[in-house]
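Down below is the structure, laid out as structure tokens.
The values are calculated or read from the model by the stated rules, or taken from the named source; none is laboratory data. What you are looking at is a predicted structure, and each value in this text was computed from that prediction instead of being measured. Neighbour counts are summed over all protein chains in view; Cβ atoms, including those assigned to glycine, are modelled from backbone coordinates with ideal geometry.
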Amino acid sequence: MKIWLWVLGAVLAVVLVGLAGVYRWFNPPAPPAQLFFNGTVVTMDPAQPEASAMLVKRGEIVALGEVKVLRQQVSRDVQVIDLEGGTLMPGFIDAHGHFPGEGLSAVAVDANSPPIGDLYSIDTLLERLRLLAQRRPEGPLLAYGFDDTTIGEQRYPTRDELDTVSDSRPVMVMHISGHLGVLNSAGLAAMSIPEEVPDPQGGFYGRDADGRLNGLLAETAFSPVRASMLALSGMDGLRVLNRASHQYLARGITFAQNGLADPASLRALKPALRLGVIPLRLSLWPDAEAETLRGSGALTLPGSDRIHLGPVKLVADGSLQGYTGFLSEPYYTVPEDYPPDYLGFPTLSGADLTEQVTRFHCQDRQVAIHANGDAAITLALDAVAAARQQCPTIRKPPVLIHAQTSTTAQLERMKALEVIPSFFNAHVYYWGDRHRDIFLGPERARRISPLAEAEQLGLRFTLHADSPIVPYQPLLMVWNAVHRETSSGATLGAGQSVNVERALQAVTVDAARQLGVQDRVGQLRVGMLADLVWLDRDPRDNIAQWRDIQVRGTWIGGVRRYPDGVEDPALSAQ
């Protein structure tokens, strides 16, 4: 018996040593000292906007100034980083996204059309799904990024068309908004969705002329399907995490975000979080169910300086480009089977949204509310006002996610309620032409993501890309905030542009403020963490040529994470 106990103890010791080694591999210590020089250090700190050199010790900024002065504060074995005339800035911070969703290309079909991908037809989509089936002989077959308004057929694939890919394996094609998707017959069966299923509140099931399910699911009808189909195996999850991490770091992103995290996705992430496999800092935004479980102790999150508990994410409506965003005036044009006065719809009633916002606000939890259409924005602001009235001493600033069609009166109300708007301004580039011609019409499209008006009112807004809806490319967002250019080259709402300095604040210091971590990251000043991006040129002078600006290095807590010597084919293709 003693021998078996000894053997068991030895095995456990080996396992613990192995896990410690794995953790150390993914979490190397910061160098004792690092000196950055021969470039421009853009601090985003108005008290000292620039410096020519910066000194970091064990991952924390300790001094900024002239290199000769800083060199005297360290021994000769300091790690010296020659910026070669480039620019050092705070790492970019994701104000709202769904990390690691952008890494889905590792296991699924990228069904994006230009300017993101190269899909032009449903036939090509089906062929790519068949090729995926050959590479992946088991499990569901997934495609993401599909946009019905950019392909020749100008429609979604049908259930019957997806059945030609497989009649035995679930197939899911996810709309680029993430709010709608199409299933084949095997997928409907796997999700136990019968032909006679009623539409849920805040969603619907698509049907053909005979009343048969055509495979399309929207909003609350699609949400559980999406969660189930994206429940990846451990190895697939690791592939997705690795791909997304490489993509983010290669763009200078140091703080990612997993918004609207349900209990299953949080549990799936826990092993990677415990081992520190994800090199970025990650803000986790639980959904209402996950937050309720977390508050009761039924769901816990690992502790780490790279793990951040963000606000509770709630959803008031859907997607403008999916016709599920909730507007106060009808869509400019609608599909032929929609009523001409179609407004979209809310995903929660005003009463239900108010109950959720009030409950979490009064628990001293920050809330973030997804709202695209102006009618949904009104519901969200009404809910915030009611929560503030119920618990007036709690001052956690709510966040309004997307805020696409905010009116002047709504921006003024955000200011009065201390709401932080986070604008999905990349819509101007990716969907601006279609907002003008299809979804919103010229007048409403010109003021989509009204940055200039928000700035004039003194609203400290942030910018985001809602990745993987579109790739999170911080410099594209900054450029688009300045130039308001669509993918066709047209200018859309030039009066709502801001200058480059303000746009850079929105993806650094103001994004940190939105997350409540402005005392740790977002600026380069003494006492802050060394989360850094090294660019080959100053974006303040070169943002018009944003595609030419190269990321030379990315550091998180003083540890260089990019480049790391690992080649990722997805990056070389971008």
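Here is the figure for segment 484-533: residues that are over 19 Å from Asp94 (Cβ atoms) and either within 22 Å of the chain's Cα centre (by Cα) or not in a strand (DSSP E or B) (or both) total 20. Quick check: anything in segment 454-471 farther than 26 Å from Pro311 by Cβ and aromatic (Phe, Trp, Tyr)? Checked against the condition, which is being farther than 26 Å from Pro311 by Cβ and aromatic (Phe, Trp, Tyr), segment 454-471 yields no hits at all. Consider Ala186 carefully, then state whether it is in a helix (DSSP H, G or I) and modelled with pLDDT of 95 or more. In short, yes. Take the conditions (1) in contact with a Lys or Arg (Cβ under 6 Å, 6 or more places away or on another chain); (2) on the phi > 0 side of the Ramachandran plot; (3) of a type outside the set (Gly, Ala, Ser); Val109 misses just one of them, which is (2). Taken over segment 353-380, the criterion of being of a type in the set (Val, Ile, Thr) and in a helix (DSSP H, G or I) is satisfied by Thr354, Val357, Thr358, Ile377, Thr378. Here the condition is being in contact (Cβ under 8 Å) with a residue 40 or more places away in the chain, part of a strand (DSSP E or B) and of a type outside the set (Asp, Glu); of Ile438, Ile401, it holds for Ile401 alone. Give segment 230-250 a look and list any residue that's among the charged types (D, E, K, R) and surrounded by fewer than 20 Cβ atoms within 10 Å (Cβ to Cβ), or say none. Matches in segment 230-250: Asp236, Arg239.
Exactly one residue out of Val357, Val384 is surrounded by 24 or more Cβ atoms within 10 Å (Cβ to Cβ), more than 18 Å from Trp431 (Cβ to Cβ) and more than 22 Å from the chain's Cα centre (by Cα), and it is Val384. Between Leu284, Leu280, Leu273, Leu266, the distinction of being more than 19 Å from Leu353 (Cβ to Cβ), buried (at least 20 other Cβ atoms within 10 Å of the Cβ) and in contact with a Pro (Cβ under 8 Å, 6 or more places away or on another chain) belongs to Leu266 only.
Okay, residues lined up against (1) farther than 19 Å from Gly203 by Cα; (2) touching a His at 6+ places or on another chain (Cβ under 9 Å); (3) surrounded by 17 or more Cβ atoms within 10 Å (Cβ to Cβ); (4) not hydroxyl-bearing (Ser, Thr, Tyr):
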| residue | (1), (2), (3), (4) |
| --- | --- |
| Leu301 | yes, no, yes, yes |
| Ala316 | no, yes, yes, yes |
| Ser328 | no, no, no, no |
| Thr333 | yes, no, no, no |
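Are any residues in segment 288-325 farther than 24 Å from Ala530 by Cα, among the β-branched types (Val, Ile, Thr) and in contact (Cβ under 8 Å) with a residue 24 or more places away in the chain, and if so, which ones? Those that are farther than 24 Å from Ala530 by Cα, among the β-branched types (Val, Ile, Thr) and in contact (Cβ under 8 Å) with a residue 24 or more places away in the chain: Val312, Val315, Thr324.
The set of residues in segment 440-452 being surrounded by fewer than 24 Cβ atoms within 10 Å (Cβ to Cβ) and farther than 29 Å from Ala256 by Cβ consists of Gly441, Pro442, Glu443, Arg444, Arg446, Arg447. Residues in segment 128-157 that are under 27 Å from the mean Cα position of the chain (by Cα) and of a type in the set (A, V, I, L, M, F, W, C): Leu129, Leu132, Leu141, Leu142, Ala143, Phe146, Ile151. Restricting attention to segment 548-574, which residues are at pLDDT 95 or above and outside any loop (DSSP other than H, G, I, E, B)? If the condition is that a residue be at pLDDT 95 or above and outside any loop (DSSP other than H, G, I, E, B), then Asp548, Val551, Arg552, Gly553, Thr554, Trp555, Ile556, Val559, Arg560, Arg561, Tyr562 are the ones that fit. Restricting segment 455-469 to residues that are surrounded by fewer than 24 Cβ atoms within 10 Å (Cβ to Cβ) and touching a residue at least 12 places away in the same chain (Cβ under 8 Å) leaves a set whose member that is nearest to Val500 (Cα to Cα) is Glu455.
Could you identify the single residue in Ala409, Ala481, Ala416, Ala452 that is touching a Gly at 6+ places or on another chain (Cβ under 8 Å) and either under 16 Å from Gln505 (Cα atoms) or in a helix (DSSP H, G or I) (or both)?
Ala452
Ser177 meets each of the listed conditions (1) modelled with pLDDT under 95; (2) more than 19 Å from the chain's Cα centre (by Cα); (3) of a type in the set (S, T, N, Q) apart from (2). Please determine, by comparing only the residues of segment 205-216 that are modelled with pLDDT of 95 or more and of a type in the set (A, V, I, L, M, F, W, C), which one is surrounded by the fewest Cβ atoms within 10 Å (Cβ to Cβ). That would be Leu213. Of the residues in segment 416-436, at least one is crowded, with 24+ Cβ neighbours inside 10 Å and farther than 23 Å from Asp94 by Cα.
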